[in-house]
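Q: Supplied in structure tokens, the structure appears directly below.
The values are calculated or read from the model by the stated rules, or taken from the named source; none is laboratory data. These numbers were taken from a predicted model, which means no experiment stands behind them. For neighbour counting, all protein chains shown are included, and Cβ atoms are generated from backbone atoms with ideal geometry for every residue, glycine included. Quick note on the areas: whole protein, heavy atoms, side chains included, nothing else; ligands and nucleic acids left out. Shrake-Rupley method; radii C 1.70, N 1.55, O 1.52, S 1.80 Å.
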Amino acid sequence: MIGYFVNYSHSDVSSILASINTEKNLLLSGKYKDISCVDCSEQFSDLMREAENSNNERLANAIFVVNEYKRLFCLIGEYYHLLDLREYEKSWDMLQNCFDTLRFVSRFCKDLYDLPEIERNLKSYEELYPFKLFFSPEYIISKSHCSLCGASMQNISCPHRKGELYWGKLAVEIVDEIKELQAVSLVEHPDNKRLVAKDADDKRPPEEKFKLLDYFLDLRISKAAIYDKKIYSVRNEIYKGVGRNEMCPCGSGEKYKNCCEKGFSRIEISNVRQMNLFYFEC
């Protein structure tokens, strides 16, 4: 779908593609705080009007996908910035926003070779978070409607399929009423990883809760890097002789057997390179 957009003859197309190239350069150079300043809303609006005036639905849908592809780099820039600020809780939700947009774009742009590169980069960060279990609610929807036509998507009167594009708009099911919450399960691999299972009594500071990610950021590897990593544990010799049931000397408030006896996670990094991003000819 992006191929159709790239080959469409219009001055705004070149301008938008050039802005995407700029976003990628900012990302790779570490200037990701500036990415949100690259605004193409006016160009996208002009192209959408042309699509409507020429009755070109294919162009309208391509515009939506390209806009999401462009937005992906803005989201990644915001994510990297949150990592710089060590805002670990907020960065997790932003990371999931990146994955959602990446999955959507990948559905319609299977020929962009930088998408697997981006996924590998983001997954490398996801593996460093301590979150392993997530809540997955199961409920019965009693009333919902299509975002495009307003009818129920289970009704034959709705011509739209959930998740498909129609004239540059995404068809989604909007829930109006939930009849019953049947259950909440604890799972390891849900579609939505924002409902994290946490210990409400865990009062440790962020650098302790997210110590593996914190340790990795201290290595000062480029945020937009691709690399091989090995995570291993080492023992702290200063705790030698501490009884397993004694309070851990690190001050966590936990018994030694539940804390530092397990060792400290460390990361070994090799084969570091920058992400190989796709650039448009403008």
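Q: Determine whether segment 62-76 contains at least one residue that is among the polar types (S, T, N, Q) and open to solvent by less than 60 Å² (accessible area, probe 1.4 Å).
A: no
Q: Next question, about the same structure. List the number of the failed condition for Cys98; all other conditions in (1) of a type outside the set (Phe, Trp, Tyr); (2) more than 10 Å from the chain's Cα centre (by Cα); (3) surrounded by 17 or more Cβ atoms within 10 Å (Cβ to Cβ) hold.
A: Condition not satisfied by Cys98: (2).
Q: Give the residue that is surrounded by the fewest Cβ atoms within 10 Å (Cβ to Cβ), with candidates limited to residues of segment 191-229 that are assigned to a helix (DSSP H, G or I) and charged (D, E, K, R).
A: So, considering only residues that are assigned to a helix (DSSP H, G or I) and charged (D, E, K, R), the one surrounded by the fewest Cβ atoms within 10 Å (Cβ to Cβ) is Asp218.
Q: Condition check: in contact with a helix residue (DSSP H, G or I) (Cβ under 9 Å, 6 or more places away or on another chain) and within 27 Å of Phe104 (Cβ to Cβ). Does Gly150 satisfy that?
A: For Gly150, the condition - in contact with a helix residue (DSSP H, G or I) (Cβ under 9 Å, 6 or more places away or on another chain) and within 27 Å of Phe104 (Cβ to Cβ) - is not met.
Q: Residues that are in a helix (DSSP H, G or I), of a type in the set (A, V, I, L, M, F, W, C) and under 28 Å from Gln274 (Cα atoms): does segment 47-54 have at least one?
A: For segment 47-54, residues in a helix (DSSP H, G or I), of a type in the set (A, V, I, L, M, F, W, C) and under 28 Å from Gln274 (Cα atoms): absent.
Residues checked against (1) at pLDDT 95 or above; (2) not hydroxyl-bearing (Ser, Thr, Tyr):
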| site | (1), (2) |
| --- | --- |
| Leu82 | yes, yes |
| Ser91 | yes, no |
| Asn97 | yes, yes |
| Phe108 | no, yes |
| Arg120 | yes, yes |
| Ser124 | yes, no |
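Q: Can you name the number of the only condition in (1) among the basic types (Lys, Arg); (2) modelled with pLDDT under 90; (3) closer than 28 Å to Asn61 by Cα that Lys198 fails?
A: With respect to (1) among the basic types (Lys, Arg); (2) modelled with pLDDT under 90; (3) closer than 28 Å to Asn61 by Cα, Lys198 is out only on (3).
Q: Out of (1) open to solvent by 70 Å² or more (accessible area, probe 1.4 Å); (2) within 20 Å of Leu277 (Cβ to Cβ); (3) of a type in the set (A, V, I, L, M, F, W, C), the odd one out for Leu85 is which?
A: (2)
Q: Ok, one more. Quick check: is even one residue across segment 11-22 free of Cβ contacts under 8 Å to residues at least 40 places away in the same chain, surrounded by fewer than 17 Cβ atoms within 10 Å (Cβ to Cβ) and not hydroxyl-bearing (Ser, Thr, Tyr)?
A: No, because not a single residue in segment 11-22 is free of Cβ contacts under 8 Å to residues at least 40 places away in the same chain, surrounded by fewer than 17 Cβ atoms within 10 Å (Cβ to Cβ) and not hydroxyl-bearing (Ser, Thr, Tyr).
Q: Test of understanding: among Glu119, Glu126, which residue is under 22 Å from Asn67 (Cβ atoms), out of contact with any strand residue (DSSP E or B) (no Cβ under 9 Å at 6 or more places or on another chain) and charged (D, E, K, R)?
A: Within the list Glu119, Glu126, the selection yields Glu119.
Q: Considering segment 227-254 alone, what residues qualify as being small (Gly, Ala, Ser) and at pLDDT 70 or above?
A: Ser233, Gly241, Gly243, Gly253
Q: Name the single residue that is modelled with the lowest pLDDT among those in segment 27-37 being among the aliphatic types (A, V, I, L, M) and buried (at least 18 other Cβ atoms within 10 Å of the Cβ).
A: Per the stated criteria, the residue is Ile35.
Rundown of residues vs (1) open to solvent by less than 60 Å² (accessible area, probe 1.4 Å); (2) in contact (Cβ under 8 Å) with a residue 60 or more places away in the chain; (3) in a loop (DSSP other than H, G, I, E, B), yes/no style:
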site	(1), (2), (3)
Pro116	no, no, no
Arg120	no, yes, no
Leu128	yes, yes, yes
Phe131	yes, yes, yes
Ser144	yes, no, no
Val175	no, no, no
Val184	no, no, no
His189	no, no, yes
